[in-house]
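Computed from the coordinates by the stated procedures, all read-outs in this text should not be read as laboratory data. Since this is a predicted model, take the numbers as computed values, not measurements. Methodologically, a virtual Cβ is constructed for each residue, glycine included, from the backbone with ideal geometry; neighbour enumeration extends over all protein chains shown.
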There are 2 protein chains.
Amino acid sequence: MTTEGTIAVIGGTGNLGAALARRLAEAGRKVIIGSRSAEAAQRAASEFGSGLTGLANEQAAEAAEIVIVTVPFAAQEATLAAIRPYVAGKIVVDTTVPLMPPKVMRVQLPPEGSAAQRAQKLLGEGVTVVSAFHNVAAHKLATGEELGCDVLVFGDEKAARAKVVTLAAQAGMRGIHAGPLANSASAEAMTSVLIFINKNYQVDGAGIKITGALKES
Amino acid sequence: MTTEGTIAVIGGTGNLGAALARRLAEAGRKVIIGSRSAEAAQRAASEFGSGLTGLANEQAAEAAEIVIVTVPFAAQEATLAAIRPYVAGKIVVDTTVPLMPPKVMRVQLPPEGSAAQRAQKLLGEGVTVVSAFHNVAAHKLATGEELGCDVLVFGDEKAARAKVVTLAAQAGMRGIHAGPLANSASAEAMTSVLIFINKNYQVDGAGIKITGALKES
């Protein structure tokens, strides 16, 4: 089985993972849903429609060229440890936001600076970590309604970032190159701000848009 | 001399400070421009138009109810030490972005978590620190052109935040309550991202907008 072009969505039965998997499959990408339970992954894949298959996280990661990780912060370490043997030389797209319940409206960045840098540390040097999709309202992505949200894409390698900018476009959003992995702190922190704004101003899924005339780089 | 309603802009001869001072004076606020040199402050005030006066930073802070600090990160500590004796019980609006040249396109948050939290630590408990105006393109604010940028306002006291939300509106922008001071990391970090985007996509002052239907809180 060739991995070329195949995308694994680890934690793909969760809200963000499921929505991304569906959108990317609808755009014609070959998508594998990963879950701790292969059975749950297969069930989700058959529910979501054609173009999707389901596997345990490890096998999903092994079969893919690009591995998107969509798990809660509390599960990030264990999840990355599980897939680490299968992602050497690959692009891992970390979507983790360091929300620490119950204070999810308060920015609490990890000691590494960001969840993305923590992912790079946990996976080691041989893996290209890119981070993105932090501010996307999963329920809007799932229904296909207008998201009103840009996707800031962070990573130390421009070519890898560019692949994720393309993924964002295929999922129906504008992806924007936003600098090195260290810059991920901005979007990760912004998620707590958006949750605060949702509560304070009774918004159904506030997002962020970058303004100004962006010329193709 | 009553301080009520008076605003001091510390570092008010700089790009952001001068633009904010002008906009607020135009909106009818009493504004004092502060600078390390009283002479430079007076010169700027007379250039910028009526409603403005100029004083040394310390005297400007003493004479104001709300003290806006607009200095580079490298000058934050010395500036706050200078005005500290004059701001007890007042609102200090810190606009500092932790840019560390030459790597200004890379997020580098200080050990305190944000420049805003650093300001609170430097000023002590008796001062109400609010942070805002991190992402504003000063040259656009100065010319009065459409900014395309919301002002995220951070602070642990809602009433103090509300005063700064009003200031943002008077300066021609939408101010948004964005949570506790710790959340300032999001907007401070976003400034490096916007500088990256300006360079990468040849934008003249990219900004951020919060999307979604915000209801008055």
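How crowded by other chains is A:104-114, given as the mean number of beta carbons from other chains within 10 Å of each beta carbon?
Working: counts 0, 4, 5, 13, 4, 7, 0, 0, 0, 4, 3.
The shielding value for this peptide is 4.
Only bridges whose two residues both fall in region A:7-200 count here: according to DSSP, what percent of them are antiparallel, nearest 5? Can you show the working numbers first?
Details: 2 of 26 bridges.
Within region A:7-200, antiparallel bridges account for around 10 percent of the total.
So, counting K/R as plus one and D/E as minus one, what does the shell of residues with Cβ under 10 Å around B:Phe73 add up to?
On the way: positive: B:Arg118; negative: B:Glu77, B:Glu188.
Cβ neighbours under 10 Å give a net charge of -1.
As a test of the definition: which semi-axes, in Å, follow for the protein assembly as shown when you take the square root of five times each eigenvalue of its alpha carbon gyration tensor? Largest first, please.
On the way: eigenvalues 392, 73, 69 Å².
With the √(5λ) rule applied to the protein assembly as shown, the semi-axes are 44, 19, 19 Å.
With the cut-off at 23 Å, tell me which of the pairs A:Lys121/A:Lys215; A:Lys209/B:Lys90; A:Lys209/B:Lys199 have Cα atoms farther apart than that.
On the way: A:Lys121/A:Lys215 33 Å; A:Lys209/B:Lys90 34 Å; A:Lys209/B:Lys199 18 Å.
Pairs exceeding 23 Å: A:Lys121/A:Lys215; A:Lys209/B:Lys90.
Which one, A:Leu80, B:Ile195, A:Gly124, is farthest towards the positive end of the dipole of the protein assembly as shown when Lys and Arg carry +1 and Asp and Glu -1 on their Cβ?
Positive-most Cα among the choices belongs to B:Ile195.
Along region A:100-109, what does the Karplus equation 6.51 cos²θ - 1.76 cosθ + 1.60 (θ = phi - 60°) give for ³J(HN,Hα), rounded to whole Hz, x for Gly and Pro?
Those phi angles translate into 10, x, x, 8, 6, 8, 10, 5, 9, 6 Hz.
Report the residue, chosen from A:Glu112, A:Glu77, A:Glu47, that carries the largest GNM mean-square fluctuation when chain A is represented by alpha-carbon nodes joined by springs under 10 Å.
A:Glu47
If Lys and Arg each add +1 and Asp and Glu each add -1, what is the summed charge of the other residues whose beta carbon sits under 13 Å from the beta carbon of B:Asn135?
Numbers: positive: A:Lys209, B:Lys140, B:Arg174, B:Lys209; negative: B:Asp150, B:Glu188.
With Lys, Arg at +1 and Asp, Glu at -1, the net is +2.
If each of B:Glu47 and A:Glu65 carries a label point 7 Å out from its Cα toward its Cβ, how far apart are those two points in nm?
Spacing of the two 7 Å Cα→Cβ label points: 5.6 nm.
Averaged over its residues, how many other protein chain Cβ atoms are within 10 Å of peptide B:150-162's Cβ atoms?
Values: counts 3, 0, 5, 0, 3, 0, 0, 0, 1, 0, 0, 0, 0.
Average neighbour count from other chains, rounded to a whole number: 1.
Mind checking the dipole of the protein assembly as shown: about its Cα centre, +1 per Lys or Arg Cβ, -1 per Asp or Glu Cβ, Debye to the nearest 20?
160 debye
Under unit Cβ charges (Lys, Arg +1; Asp, Glu -1), what dipole magnitude, rounded to 20 debye, does region A:67-217 have relative to its Cα centre?
Working: 14 positive and 12 negative charges, 14 e Å.
In total the dipole reaches around 60 debye.
Set Lys and Arg Cβ to +1 and Asp and Glu Cβ to -1, take the dipole of chain B about its Cα centre, and tell me which of B:Thr3, B:Leu20, B:Ile176 lies farthest positive.
Checking the options against the dipole of chain B, the answer is B:Ile176.
Going by C-beta contacts inside 10 Å, put A:Thr70, B:Thr128 in order with the fewest on the left. Before the final figure, lay out each step's value.
Details: A:Thr70 25, B:Thr128 22.
By the 10 Å Cβ count, ascending, the order reads B:Thr128, A:Thr70.
Count, for each residue of A:168-180, the Cβ atoms from other chains sitting within 10 Å of its Cβ, then give me the mean as a whole number. Please report the intermediate quantities before stating the final value.
On the way: counts 0, 0, 0, 0, 0, 0, 0, 0, 6, 5, 9, 11, 6.
Averaged over the peptide's residues, the number is 3.
Summing +1 for each Lys or Arg and -1 for each Asp or Glu, what net charge is found among the other residues whose Cβ lies under 14 Å from the Cβ of B:Ala21?
Details: positive: B:Arg22, B:Arg23, B:Arg29, B:Lys30, B:Arg43; negative: B:Glu26, B:Glu47.
Result for the local shell: +3.
Once the cut-off is 24 Å, how many percent of the Cα-Cα pairs in chain A end up in the long-distance tail?
Details: 8548 of 23436 pairs.
Counting every Cα pair in chain A, those more than 24 Å apart make up 36 percent.
At 7 angstrom along the Cα-to-beta-carbon line, where would the label on B:Gly49 sit relative to the other copies? Give the distances in nm, shortest first.
Here the equivalent label points are 5.4 nm apart from this one.
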